[in-house]
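K.L.:
I'd like to ask some things about the structure below.
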Amino acid sequence: MLARNLSRSAVLGLCLVGMAGPASAQDAALCLTTAERADSDEKLSNAEKQAAHEACVRALSDTASVVQKYQLQEADFEIMGIYHKY
């Protein structure tokens, strides 16, 4: 009985971890893609900028890589035009 409960908990935990991974990848992709659009002088609405900024912040909090953090911060600067303190 204890083994069954532990295995169910382990499977549930793995499912939750698996679901969290793609969301952070989507956040990073949105952040970087929007920065490329801003860099190519495409006009972005305030809603697009805000959504991309929030995605950048979430992606920054999800990564431990110093290089990725730098890239995401630079992308956020490209989108918003200011450096934010994190």
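The values are calculated or read from the model by the stated rules, or taken from the named source; none is laboratory data. All values derive from a computational prediction rather than experimental measurement. Cβ sites come from the backbone with ideal geometry, for glycine too, and all protein chains shown count toward neighbours. All accessible areas refer to the heavy atoms of the entire protein, side chains included, with ligands and DNA or RNA removed. Shrake-Rupley method; radii C 1.70, N 1.55, O 1.52, S 1.80 Å.
K.L.:
Within region 45-64, work out how many residues are assigned to a loop (DSSP other than H, G, I, E, B) and buried (at least 17 other Cβ atoms within 10 Å of the Cβ).
P.N.:
0
K.L.:
Still on this structure, please answer the following. Can you find even one residue in region 65-80 that is open to solvent by 90 Å² or more (accessible area, probe 1.4 Å), at pLDDT 90 or above and of a type in the set (Phe, Trp, Tyr)?
P.N.:
The answer is yes, given that some residue of region 65-80 is open to solvent by 90 Å² or more (accessible area, probe 1.4 Å), at pLDDT 90 or above and of a type in the set (Phe, Trp, Tyr).
K.L.:
Of all residues in region 34-72 being polar (S, T, N, Q) and touching a helix residue (DSSP H, G or I) at 6+ places or on another chain (Cβ under 8 Å), which is farthest from Tyr83 (Cα to Cα)?
P.N.:
Out of the qualifying residues, it is Thr63.
K.L.:
Right, here's the next one. Considering only region 14-28, I want to know if a residue exists there that is modelled with pLDDT of 50 or more, under 19 Å from Ile79 (Cα atoms), surrounded by 10 or more Cβ atoms within 10 Å (Cβ to Cβ) and touching a Cys at 6+ places or on another chain (Cβ under 9 Å).
P.N.:
Yes, region 14-28 has at least one match.
K.L.:
Also: Tell me which residues, restricted to region 41-80, are touching a residue at least 24 places away in the same chain (Cβ under 8 Å) and among the aliphatic types (A, V, I, L, M).
P.N.:
Passing the criteria: Leu44, Ala52, Ala55, Val57, Ala59, Leu60, Leu72, Ala75, Ile79, Met80.
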